[in-house]
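Each remark here refers to the structure printed beneath this line.
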Amino acid sequence: MEAVAERLGSDIVLLDMQKVSLLAEYFVLGNAESTPQFRAILEEVRKQAKAAGGRLLHIEGEPASGWVLLDYSSVVVHIFDPELRAYYNLEELWKEARLVVRFQ
């Protein structure tokens, strides 16, 4: 979450998925307002995850598409264009997940 915040991502949410999904233990969701900001956030997430011993298993999407997913097995990071995030509304889809923290 700090990596997204450090690159000025907005509306950052950490969801505890352990009781509602086998996909991951946690989802991190955040917004990026532009393609350069997407790239900066993704680079910072990768850098901090690597420093913490995380291993990127899969990346899905491109900044230009408005949604990028980084799969670190137990943690999945979703970075969205705000419009696409509202459209897909993962918080509603996973409303049974416990909200750990939200940064506006």
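About its Cα centre, the dipole of the chain is roughly 300 debye, where the only charges are +1 on Lys and Arg Cβ and -1 on Asp and Glu Cβ.
Note on the chain: with neighbouring protein chains present and a 1.4 Å probe, carbon and sulfur make up 53 percent of its accessible heavy-atom surface. I need the shape label for region 41-99. Rule: rounded when a/c is under 1.5, else prolate if a/b > b/c, else oblate, with a, b, c from the alpha carbon gyration tensor. It is oblate, given that a/c is not under 1.5 and a/b is not larger than b/c. For residue 100, nonlocal amide neighbours, meaning residues 5 or more places apart or on other chains whose placed amide H falls under 5 Å from its own, are 14, 15, 16. Each of 34, 82, 69 was placed along the dipole of the chain (beta-carbon charges, centred on the mean Cα), and the one lying farthest toward the positive end is 69.
Residues whose amide H lies under 5 Å from that of residue 62, counting only those 5 or more places away or on a different chain, are 67; hydrogens are built 1.01 Å from N in the peptide plane.
Based on the Kirkwood approach, the hydrodynamic radius assigned to the chain is 13.5 Å, with every pair of different Cα atoms included. Short-range pairs are left out: with C-alpha atoms under 8 Å and at least six residues apart, the relative contact order of the chain is 35 percent. Using alpha-carbon positions, what is the distance between the centroids of region 54-104 and region 1-19, in Å? Region 54-104 and region 1-19 have Cα centres spaced 9 Å from each other. Rolling a 1.4 Å probe over the heavy atoms of the protein chains gives the chain an accessible area of 60 Å² per residue.
Per-residue ellipticity at 222 nm, computed for the chain from helices alone with -39500 (n - 2.57) per DSSP H run of at least four residues, works out to -8500 deg cm²/dmol. Applying 0.36 nm per residue to the separation of residue 89 and residue 35 and subtracting their alpha-carbon distance, the gain on full extension is 17.4 nm.
Taking the chain as a Gaussian network, where each spring joins two C-alpha atoms under 10 Å apart, which residue of 63, 36, 82 fluctuates the most? Ranking 63, 36, 82 by mean-square fluctuation puts 36 first.
The values are calculated or read from the model by the stated rules, or taken from the named source; none is laboratory data. Please read these numbers as outputs of a predicted model, since none were measured by experiment. Don't worry about glycine lacking a Cβ; one is built from the backbone with ideal geometry, like all the others, and counts go over all protein chains shown. SASA here: full protein model, heavy atoms, side chains in, ligands and nucleic acids out. Shrake-Rupley method; radii C 1.70, N 1.55, O 1.52, S 1.80 Å.
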